[in-house]
Amino acid sequence: MVQSSSPETTGTLARRGLMFILSSPSGAGKTTIARMLLEHDPQLRNSVSCTTRQPRPGEVDGEHYHFITHEQFDAMVEAGEFLEWATVFGQSYGTPKAQVKAGLKDGVDYMFDIDWQGTQQLYQKLERDVVRVFLLPPSIEELRRRLTGRGTDSAEVIHARMERARSEISHWDGYDYVVVNDDIASCYEEVKKILHAERLRRARQTGLIGFVRELMQPDD
Ligand SMILES: Nc1nc2c(ncn2[C@@H]2O[C@H](COP(=O)(O)OP(=O)(O)O)[C@@H](O)[C@H]2O)c(=O)[nH]1
Ligand SMILES: Nc1ncnc2c1ncn2[C@@H]1O[C@H](COP(=O)(O)OP(=O)(O)O)[C@@H](O)[C@H]1O
């Protein structure tokens, strides 16, 4: 629980965690922004997805993704172990249920780097816990430059990602916030502010009723 630290308060103040979703067309920078947030914010935990795609250089199993086979993925779907799942670029991606649900109650915030399909599913299931942020590239040319510059995909894959980018961008209106990732430092600051404000929402602050009631007690 994120308890109030002041000795003068009742100690009943706490906060329910939130589900912070970052989506964008591939290459717009959501992984970069997510990593910056996770690195500097101890209250934020990564929701590690399962995927059937191959790891990229530098990606660590269990940290960036749980890399599993199609058979393992299908078995998890059958067993109802995903909060949501979707097929992207012919590969399967899913959010395991187990870690998230318990953490939210304890005031842990989770970061989700998932696509619009997963965002819709999470919103349908857990609307009040979800904060949806969509990143846009400053231009289509810059998006192409970033995908090429990342150096992780073949020309063919980059072509497919660019094709898909336009359809991903068309889902911008399914989000609560839209931020253009032009300068990385400014984008990071803006996303950080969204997270900060969302944490202060009244509905997330459990124990407020009792706390306010106590504040309103008449003097003896
Ligand atoms: N629905 C859903 N989408 C996911 C999940 N994990 C990753 N994705 C999305 O799958 C897409 C491809 O991800 P990835 O292969 O890492 O490439 P990226 O586009 O460069 O981030 C991105 O849009 C991710 O946001 C997940 O658990 N569920
Ligand atoms: N604001 C920015 N300016 C310049 N390059 C960026 C910016 N944001 C991200 N990048 C670079 O663009 C590439 C794609 O970013 P990445 O975070 O992997 O995107 P995504 O996760 O959305 O596919 C990476 O090489 C990253 O370092």
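Across segment 134-154, the number of residues qualifying as within 13 Å of ligand 1 (Cβ to nearest atom) and hydroxyl-bearing (Ser, Thr, Tyr) comes to 2. State yes or no: is THR52 out of contact with any His (no Cβ under 7 Å at 6 or more places or on another chain), hydroxyl-bearing (Ser, Thr, Tyr) and farther than 17 Å from LYS125 by Cα? No: the conditions fail for THR52.
Annotation: of all residues in segment 118-143 being in contact (Cβ under 8 Å) with a residue 60 or more places away in the chain, over 10 Å from the mean Cα position of the chain (by Cα) and open to solvent by 10 Å² or more (accessible area, probe 1.4 Å), the one that is farthest from LYS105 (Cα to Cα) is PRO137. Taking first residues from segment 144-162 that are under 18 Å from PRO55 (Cα atoms) and modelled with pLDDT of 85 or more and partners that are of a type outside the set (Gly, Ala, Ser) and open to solvent by 50 Å² or more (accessible area, probe 1.4 Å), the Cβ contacts under 7 Å between residues at least 6 apart in sequence or on separate chains come to ILE158/THR148.
Condition check ((1) open to solvent by 90 Å² or more (accessible area, probe 1.4 Å); (2) out of contact with any helix residue (DSSP H, G or I) (no Cβ under 8 Å at 6 or more places or on another chain)) across all residues:
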residue: VAL178; (1), (2): no, no
residue: ASN181; (1), (2): no, no
residue: LYS193; (1), (2): yes, yes
residue: GLU198; (1), (2): no, no
residue: GLY207; (1), (2): no, yes
residue: PHE211; (1), (2): no, yes
residue: GLU214; (1), (2): yes, yes
residue: PRO218; (1), (2): yes, yes
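State whether the residues of segment 39-60 include one that is more than 19 Å from ASP106 (Cα to Cα), free of Cβ contacts under 8 Å to residues at least 12 places away in the same chain and hydrophobic (A, V, I, L, M, F, W, C). Yes: one or more hits. Which residue, of VAL157, VAL191, VAL178, VAL131, is within 12 Å of ligand 1 (Cβ to nearest atom), of a type in the set (A, V, I, L, M, F, W, C) and not in a loop (DSSP other than H, G, I, E, B)? Only one candidate passes the filter, namely VAL157. Could you please let me know if ILE158 is more than 10 Å from ligand 2 (Cβ to nearest atom), of a type in the set (Val, Ile, Thr) and under 18 Å from ILE33 (Cα atoms)? Spelling it out, it is not the case that ILE158 is more than 10 Å from ligand 2 (Cβ to nearest atom), of a type in the set (Val, Ile, Thr) and under 18 Å from ILE33 (Cα atoms). Scanning segment 99-142 for residues that are within 12 Å of ligand 2 (Cβ to nearest atom) and more than 20 Å from VAL88 (Cα to Cα) turns up PRO138, SER139, GLU142. Condition check: more than 29 Å from GLN72 (Cα to Cα), in contact with a Ser or Thr (Cβ under 7 Å, 6 or more places away or on another chain) and open to solvent by less than 80 Å² (accessible area, probe 1.4 Å). Does PHE112 satisfy that? So PHE112 does not fit the description; no. State whether the residues of segment 89-100 include one that is open to solvent by 50 Å² or more (accessible area, probe 1.4 Å), within 12 Å of ligand 1 (Cβ to nearest atom) and touching a helix residue (DSSP H, G or I) at 6+ places or on another chain (Cβ under 8 Å). Yes, segment 89-100 contains a residue that is open to solvent by 50 Å² or more (accessible area, probe 1.4 Å), within 12 Å of ligand 1 (Cβ to nearest atom) and touching a helix residue (DSSP H, G or I) at 6+ places or on another chain (Cβ under 8 Å). Looking only at segment 75-90, decide whether some residue is within 25 Å of GLU163 (Cβ to Cβ) and touching a Lys or Arg at 6+ places or on another chain (Cβ under 8 Å). Within segment 75-90, one or more residues are within 25 Å of GLU163 (Cβ to Cβ) and touching a Lys or Arg at 6+ places or on another chain (Cβ under 8 Å). The test for being away from ligand 1 (no atom under 11 Å from the Cβ) and either open to solvent by less than 60 Å² (accessible area, probe 1.4 Å) or at pLDDT 90 or above (or both) holds for HIS70.
The values are calculated or read from the model by the stated rules, or taken from the named source; none is laboratory data. What you see is a predicted model, and the numbers here were worked out from it, not measured in a lab. Every residue, glycine among them, receives a Cβ derived from its backbone with ideal geometry; neighbour counts consider all protein chains shown. Heads up: the accessible areas ignore ligands, DNA and RNA and are worked out on the full protein's heavy atoms, side chains in. Shrake-Rupley method; radii C 1.70, N 1.55, O 1.52, S 1.80 Å.
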